[in-house]
1. What is the spin-label model distance, in nm, from LYS114 to ALA71 if the labels are put 7 Å beyond Cα along the C-beta direction?
2. What base-10 log of the normalised intensity I(q)/I(0) is obtained for the range 135-195 from the Debye formula, alpha carbons as equal point scatterers, at q = 0.12, 0.21, 0.22, 0.27 Å⁻¹?
3. Leaving out same-chain residues fewer than 8 places away, which lysines sit with a Cα under 17 Å from that of LYS116?
4. Between beta-carbons, use under 14 Å as the cut-off and find the net charge around ALA71, counting Lys and Arg +1, Asp and Glu -1.
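Since every read-out is calculated from the coordinates, none of them should be taken as a lab result. All values reported here derive from a predicted model rather than from experimental measurement. Using ideal geometry, Cβ is built from the backbone for each residue, glycine included, and neighbour counts are taken over all protein chains shown.
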Amino acid sequence: MKIAAALRSLAAALRSLAAVTVLSLFSHSVLASDGCQIISGTQQVDYGRFIRDDMRSGKTDVDGIAYQWLAAQTRTFDVTVLCDEPQKIRLFIDGPARKNTVFRFGQNGAINLKVKNGRMDDRSVQLATGARGATLTQGADSQTVKPGFGIAPFDGQVLTGRQFVVTVEVTTYLSQKAFQSRDNAQIEEILNLNFEAQP
């Protein structure tokens, strides 16, 4: 009986320590177009090994369905778009999505992207977000980025300038299913940084 109990305890410990090796890549760290370039403060976000007991847990209700999740530590980096001449700049972050509402993170996870600390030509600005081609009408100090949506500097209207800078916060979420196996698994997602610039 003692041996069986010890084996059960060991199995439980292994499940709680099951980890995934995570590597999120951000390509196009430098992309030049029409006298503009985009520069990312990092080319990859590497979470190393996830241990379930070290992650923040919570629950979210969506359409009456409760979802349990585990969140990793939030990482931040800056993205800058530089142009030779004043432009209306709109930044885009593209990648695999779930139902076009949230970025995918492997089979059992999601990535939440939030932008803040908007600056246009060294002046603090609000940020507006919307789908490609949409007219932007409202700004805020921070915005959650949805797949296919762009981010622009805003102060009553979309602003024109040479240098647009934002801070990006990346938070990854995993479901409990990601830790049901004792085998390590590697999750890799690629997010592309792009921009549109118009005089």
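1. The modelled label-to-label distance comes out at 0.7 nm.
2. -0.50, -1.01, -1.08, -1.42
3. Hits, sequence-local ones excluded: LYS146.
4. Taking every other residue near ALA71 into account, the sum is +2.
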